[in-house]
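The values are calculated or read from the model by the stated rules, or taken from the named source; none is laboratory data. Treat the numbers as computed from the prediction; the structure is a model and nothing was measured. Here the Cβ positions follow ideal geometry from the backbone for every residue, glycine too, while neighbour counts run over all protein chains shown.
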Amino acid sequence: MYKLFLISSSVFLVILGSILGASLRFKIIDSLRLQSISSHWSVFLVNSLACFSAGLLLSIEQETYHNSYFVPLRLFLTIGFIGSFSTFSTFLAEIFQNLRNQKWKEGLIYLLASIFGGLFFGFAGYCLGNAR
């Protein structure tokens, strides 16, 4: 019975984080779209924020890995919230749309900026978390 409770509470934390992360992603992208910012750069911003947050949480998790209080926080924030906040499927759709419309240069710039930007922001978050 206790094991079922642990599994249920873990699933609940991931679901709750996912709902909040996806809602915030939608709100940010929609707000930027209303300001006439291209949808793929809105997705780039959201993914960069997600990478930074994931790097920051990774550095915190590294120090608190053996503390049992961090497990629910990891389920809620890292897996649920950040997992649904980032938009890998939208990232791929944006690249495909650029290629389909023969916007090779724009598609390549977006692809490289997203990959290297994600690495940069993930590393920056990780370094910030370890700077304490």
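Which of the helices (runs of 4 or more DSSP H) found entirely inside segment 21-123 contain at least 1 residues meeting this: acidic (Asp, Glu)?
Helices (runs of 4 or more DSSP H) meeting the threshold: 39-64, 88-100.
State yes or no: is Leu111 of a type outside the set (Gly, Ala, Ser), free of Cβ contacts under 8 Å to residues at least 24 places away in the same chain and at negative phi?
In short, yes.
So Phe96 passes all but one of these: (1) at pLDDT below 90; (2) surrounded by 13 or more Cβ atoms within 10 Å (Cβ to Cβ). Which condition number does it fail?
Only one criterion is unmet by Phe96, namely (2).
Any idea which residue in segment 1-16 is surrounded by the most Cβ atoms within 10 Å (Cβ to Cβ), counting only those that are touching a residue at least 60 places away in the same chain (Cβ under 8 Å) and either under 30 Å from Phe96 (Cβ atoms) or charged (D, E, K, R) (or both)?
Val14
Checking the structure you have, find out if any residue of segment 64-83 is over 22 Å from Leu13 (Cβ atoms), modelled with pLDDT of 90 or more and among the hydrophobic types (A, V, I, L, M, F, W, C).
no
Residue-wise test of (1) touching a residue at least 12 places away in the same chain (Cβ under 8 Å); (2) of a type in the set (Ser, Thr, Tyr); (3) buried (at least 16 other Cβ atoms within 10 Å of the Cβ); (4) on the phi < 0 side of the Ramachandran plot.
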{"residue": "Ser18", "(1), (2), (3), (4)": "yes, yes, yes, yes"}
{"residue": "Gly21", "(1), (2), (3), (4)": "yes, no, yes, yes"}
{"residue": "Ile28", "(1), (2), (3), (4)": "yes, no, yes, yes"}
{"residue": "Gln35", "(1), (2), (3), (4)": "no, no, no, yes"}
{"residue": "Ser39", "(1), (2), (3), (4)": "yes, yes, no, yes"}
{"residue": "Ser42", "(1), (2), (3), (4)": "yes, yes, yes, yes"}
{"residue": "Asn47", "(1), (2), (3), (4)": "yes, no, yes, yes"}
{"residue": "Phe52", "(1), (2), (3), (4)": "yes, no, yes, yes"}
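Residue by residue through segment 83-114, note down the ones that are hydrophobic (A, V, I, L, M, F, W, C), more than 15 Å from Val46 (Cα to Cα) and in contact with a Leu (Cβ under 7 Å, 6 or more places away or on another chain).
Ile95
For segment 64-73, does any single residue satisfy the condition of being in contact with a Cys (Cβ under 8 Å, 6 or more places away or on another chain), surrounded by fewer than 20 Cβ atoms within 10 Å (Cβ to Cβ), touching a residue at least 40 places away in the same chain (Cβ under 8 Å) and not β-branched (Val, Ile, Thr)?
no
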